[in-house]
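Enquirer: Provided herewith is a single structure, encoded as structure tokens, for subsequent inquiry.
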Amino acid sequence: MNAELQTQIAFRLAGRKPAAGADDGGAGLRPALLARYRDLTALRYDFPLVLARGAPDKDYAQCLSGIVDDAVHRVAGDDGGERATRHLLRLEREIRVLLAGGARGTLTALWDDAAARLAGGDASLQDSLSRARKALKADGVLADCDESLPALLLKHAWGVVRERKTRRLGEDLRRLTIGLSNILQADAARSEAGRSAEGLKASIGAGHAEVFDFAAMSRLLGRSASRDGLPAGRRRRIESLLEVLQSQRFAPVPDEPQSQDRCYAFTFGSCAEALAAYRERLPKAVELARSIAVAELEVKGEYREAAHDALFADFGEGGLGQEALAGLPDYLICMPANALHGAETDRLMELLSAGLPVKVLVQTDDLLEESSIARDGHFALGTRAKQLASMAMGLNDVYVLQSSSSNLFQFRDRILAGMSYPGPALFSVYSGASGDGGGLSPYLLAAAAMESRAFPAYSYDPSAGPNWASRFDLEANTQVEADWPSQEFWYEDENHQRVRSAPAFTFVDFVACDARHARHYARVPRADWNDRMVPLDEHLRRSAAGAGEAVPYVMLVDAGNALQRAIVDEPLVRAALRCRESWHSLQELGGIHNSHAERLLAREAKARAEQPQRAVAPSASPAPAAEAAAPEVVAEEKKSADAPYIETPRCTSCNECTQINDKMFAYNENKQAYVADPDAGTYAQLVEAAESCQVSIIHPGKPRNPDEPGVAELMERAAAFA
Ligand code: SF4
């Protein structure tokens, strides 16, 4: 073993920095796959969002690019929109630049600012921008993907649902108030005071004094009117109902601005505050729900004291079911994950498990702070928030959504569904806004966390069906079947040749975004690259069978986008393995590589494989035809034990094997892999493909070239897939 390799292995195992050659770590580097994203203002992507005012529910959050595309479509001229597109894309970029510089405001305000900065003396540009401005169909606050986004977006979604609920409640309250008041007025009109000359004058109005003889009218009514007024009990009940409906503080009533002013606030920064407010208001909520139910009966004239008095006397806190609560606004709690200390976590679980009407945002800003208990490579990874989300799913009736903020626009419908869900909901969001990203934007850090499985996105909707298959959804993650997603990546090598690769984006790539953990990486100069260096994802696949002397590396780029290999120490490798384990658990919940299903499939495959053997087993008096068939079957079995093959019907089309060698492995018409040509590559590639295959269905067979280098070690590795 040469000295350089020894140094690299020493770094991997003991974290000892190389004295020379490899440099001092990963500071200033970023994952190679992020090399293209240096200037986000030049990119068209999901952000910023416009938190639209007054738009239909489904359009409550729109992305700026979509709005600009719509505007282009509306003002496109004879040139098919080419000029408008050019001008409006400049405007869109300018708005992004303004936001990146700290500007905040509504779309129209920033649109005007950006247009003023751009237009100058360009009449054609001015014309496009002003026509597009007039054609704008949406407006609202612009929200960029930063620390404030999760709370802004979720409050906006919650506001959309609350507005819908309180409008309905306010209209009901108005209708019932009018109905109850009419009953009292009608009764008053029948009373002696109501029939007096003064009473009639007051109800009809003094303006008619000249045409009406109120005294004569009073005498007339007095002779003909019934003497029966409202029973005293009913009158008291109606007056008391009116008092409750008119003083309630849960929803504004249309055309009563003062009712808006006295409404309770429903947004809180902690569970303690929300729980205290909920408990304090509960008697009022019960009273309002009961009053609405009684008032509905009263205005229809269906209240029967004999039956309903007893019923509503028992209408207490225990009787306030979800249906009654569903009409009142939900409580929104927006809190940072680091506020989830013992007592606050207990309160949150109490809120969720009691089915209280709460929607909770738990925001994690830093995934990569090191654990205070077990340092060195033990990252917090939003553990508190993740555990909370798992526990909430275990309660079965809590809506749960976990996502990086970069994915929130894609999850906008699920966010609205969670806010509309008639029970508690928990939203766990990683913002990417903290840590030491060395100039990487929160958007990129959040996207990297999701891509690397450090913070996968999923939702659990108890109303979607009776089982996990219908409730749990993991599909928003890239290449959900794989351990790590990979993307095509082109670079120029030392001979200035374009080289294609498809590196995986692993947890270690994500950690490389944060300068606090540079000590876990050591850059290796090209001159010291050797065949013991293996890509980290491959190293992780092999680690179950023992990594031996392999030195795992990831591909990073420096500030000038020069490609680097950085080797990685053991604590980081272990952290990546833990991250992969967590991802595997989520995959199982999502029915991907489900161990129970795979065991069942393996059992069935074994049973199927045994069937021909039973058919050719020697019997006391074999039929001549069976005797003739037996040698052929035995020969076929012998051949398949030596030749490589794939259990094609079980292939999940993940591309792993075809990326290793697309001549050796190919897809059939169902896009399932088979061994197209076992001689089109090496035995090492066959073994590597078998190790890469997520569902372990590639069987490398025996080496076709017994002289291939390292064949003994390869056969040992292949034995696991015999
Ligand atoms: S055989 Fe395995 S590695 Fe190849 S595409 Fe199918 S599932 Fe992926």
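Enquirer: Would you mind getting me the FRET efficiency between residue 70 and residue 256? Use the beta-carbon distance for r and R0 = 56 Å, nearest 0.05. Display every interim value, and only then the final one.
Expert: On the way: r = 37 Å, r/R0 = 0.67.
Result of the calculation: an efficiency of 0.90.
Enquirer: I would also like to ask the following. Say R0 is 35 Å: what FRET efficiency, to the nearest 0.05, do residue 338 and residue 558 get from their beta-carbon distance?
Expert: Numbers: r = 33 Å, r/R0 = 0.93.
That pair, residue 338 with residue 558, gives E of 0.60.
Enquirer: Which of the peptides 60-69, 385-394, 99-108 is most tightly packed, and how do the rest follow, judged by the mean count of other Cβ atoms within 10 Å per residue? Don't skip to the end; give the middle numbers.
Expert: On the way: 60-69: 20.8, 385-394: 19.3, 99-108: 14.7.
The peptides rank, most packed first, as 60-69, 385-394, 99-108.
Enquirer: Could I ask something else about it? Which of the residue pairs 386/663; 359/671; 606/702; 137/300 have a Cα-Cα distance greater than 32 Å in the structure shown? Numbers along the way, then the final one.
Expert: On the way: 386/663 43 Å; 359/671 43 Å; 606/702 21 Å; 137/300 43 Å.
Violating the 32 Å limit, Cα to Cα: 386/663; 359/671; 137/300.
Enquirer: Same structure again: On full extension of the chain, what length is gained from residue 581 through residue 600, given 0.36 nm per residue of separation minus the C-alpha to C-alpha distance? Intermediate results must be reported in sequence, preceding the final value.
Expert: On the way: separation 19, 0.36 × 19 = 6.84 nm, distance 2.15 nm.
Using 0.36 nm per residue and subtracting the Cα-Cα distance, I get 4.7 nm.
Enquirer: Expressed in nm to one decimal, what extension gain is obtained for the pair residue 185 and residue 610 from 0.36 nm per residue of sequence separation less their Cα-Cα distance?
Expert: Working: separation 425, 0.36 × 425 = 153.00 nm, distance 8.86 nm.
So the chain would gain 144.1 nm between residue 185 and residue 610.
Enquirer: Can I ask one more? Using mean Cβ contacts within 10 Å as the protection proxy, how do 355-363, 38-46, 697-705, 326-334 order, highest first?
Expert: Values: 355-363: 22.7, 38-46: 14.6, 697-705: 19.2, 326-334: 20.9.
Peptide ranking by packing, descending: 355-363, 326-334, 697-705, 38-46.
Enquirer: Expected output is a single nm value to one decimal: the length gained when fully extending between residue 313 and residue 650, i.e. 0.36 nm times separation in residues minus the C-alpha distance. What is it?
Expert: On the way: separation 337, 0.36 × 337 = 121.32 nm, distance 6.32 nm.
Here the segment from residue 313 to residue 650 would lengthen by 115.0 nm.
Enquirer: Then there's this: Rounded if a/c is under 1.5, else prolate if a/b is larger than b/c, else oblate: which is the range 403-485, with a ≥ b ≥ c the root eigenvalues of its Cα gyration tensor?
Expert: On the way: a/c = 2.94, a/b = 1.59, b/c = 1.85.
Verdict is oblate for the range 403-485.
Enquirer: Rounded if a/c is under 1.5, else prolate if a/b is larger than b/c, else oblate: which is the range 57-120, with a ≥ b ≥ c the root eigenvalues of its Cα gyration tensor? Could you put the intermediate results ahead of the total?
Expert: Values: a/c = 2.41, a/b = 1.21, b/c = 2.00.
The shape class here is oblate.
Enquirer: Same structure again: Report, please, the projected area of the range 261-307 averaged over directions, based on the convex hull of its C-alpha atoms, in nm².
Expert: Details: hull surface 19.5 nm².
Mean projected area of the Cα convex hull: 4.9 nm².
Read-outs: derived from the displayed coordinates by stated rules, not from any lab. Everything quoted here is computed from the prediction, not taken from an experiment. Neighbour counts are summed over all protein chains in view; Cβ atoms, including those assigned to glycine, are modelled from backbone coordinates with ideal geometry.
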